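Here's the structure we're looking at; comments come further down.
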Amino acid sequence: MCQVSPTTINMEVVMKVIIDRFEGEFAVVELPGRKTVDMPLELIPPGAKEGDVLSIELNKKETEKRKREAEKLMEDLWE
């Protein structure tokens, strides 16, 4: 299977994995570099099947937004 290395797009890091197979409560996914790992089915989108490509995204912009929101909630709690 073709692998795609992680890429960076507008402060987002995206890694693509391929669903190799399903085993019980896990999907076995192939990472870039052909290593396989078990991923809990709760993290797999409904309707996904063997051979489908999933994108795992690290979104720094969204992380910072949520961090600011949590900090504001904490400030409001202590006022």
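FYI, it's all coordinate maths here, none of it is from the lab. Source: prediction; values computed, not measured. We place every Cβ from the backbone using ideal geometry, glycine too, and count neighbours over all the protein chains shown.
Cross-link partners of Lys61 among lysines, defined as those whose alpha carbon lies under 22 angstrom from its own and excluding same-chain residues fewer than eight positions apart: Lys16, Lys72. Packing-based ranking of 46-56, 19-29 yields 19-29, 46-56, ordered from highest to lowest mean Cβ neighbour count within 10 Å. Between the residues Ala27, Thr63, Leu41, the greatest Cα displacement towards the positive end of the dipole of segment 7-78, with unit charges on the Cβ of Lys, Arg, Asp and Glu, is found for Thr63. Considering only alpha-carbon pairs that sit under 8 angstrom and 6 or more positions apart, the relative contact order computed for segment 7-78 is 33 percent. Ratio of Rg to Rh for segment 7-78: 1.16 [Cα atoms; Kirkwood radius as inverse mean 1/r over pairs].
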